[in-house]
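Okay, structure first, notes after.
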Amino acid sequence: MEKMGATEPNLEFLEEKKRARNPLVPVGALITAGVLTAGLISFRQGNSQLGQKLMRARVVVQGATVALMVGTAYYYGGNPWRSR
């Protein structure tokens, strides 16, 4: 009679290949946070025109950071648009 759990489970599906990390992604995140902070401070001080420009700049920087992440994934063989 065979005991439960006597066979080794096949855990190949849990193995994950090492992810490639782009060192520029954290820099983009910090720039996004900095521009967001500057925009919020300028709004609070009453300079709404500068605040609006900084908020638009934040959107641009955030989009560039996301594009960098997607580009890195695509370059290293991961297709971000196809599920596994």
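The values are calculated or read from the model by the stated rules, or taken from the named source; none is laboratory data. Quantities reported herein were computed from a predicted structural model and do not represent experimental measurements. Here the Cβ positions follow ideal geometry from the backbone for every residue, glycine too, while neighbour counts run over all protein chains shown. Just so you know, the surface numbers come from the protein's heavy atoms only, side chains and all, with ligands and any DNA or RNA stripped out. Shrake-Rupley method; radii C 1.70, N 1.55, O 1.52, S 1.80 Å.
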query = Which pairs do you get when a residue that is closer than 12 Å to GLY28 by Cα, found in the stretch 49-65, comes within reach of a residue that is at pLDDT below 90 and open to solvent by 40 Å² or more (accessible area, probe 1.4 Å), reach meaning Cβ atoms under 7 angstrom, with the pair 6+ apart or on two chains?
reply = THR65/ALA29
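Only one residue in GLY5, GLY34 is modelled with pLDDT under 90, out of contact with any strand residue (DSSP E or B) (no Cβ under 6 Å at 6 or more places or on another chain) and of a type outside the set (D, E, K, R). Which one? Full working, then the answer.
On the way: GLY34 fails: modelled with pLDDT under 90.
Sole residue among the options that is modelled with pLDDT under 90, out of contact with any strand residue (DSSP E or B) (no Cβ under 6 Å at 6 or more places or on another chain) and of a type outside the set (D, E, K, R): GLY5.
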Leading residue by the ranking (surrounded by the fewest Cβ atoms within 10 Å (Cβ to Cβ)) among those in the stretch 63-84 that are modelled with pLDDT under 90 and of a type in the set (Gly, Ala, Ser) = SER83
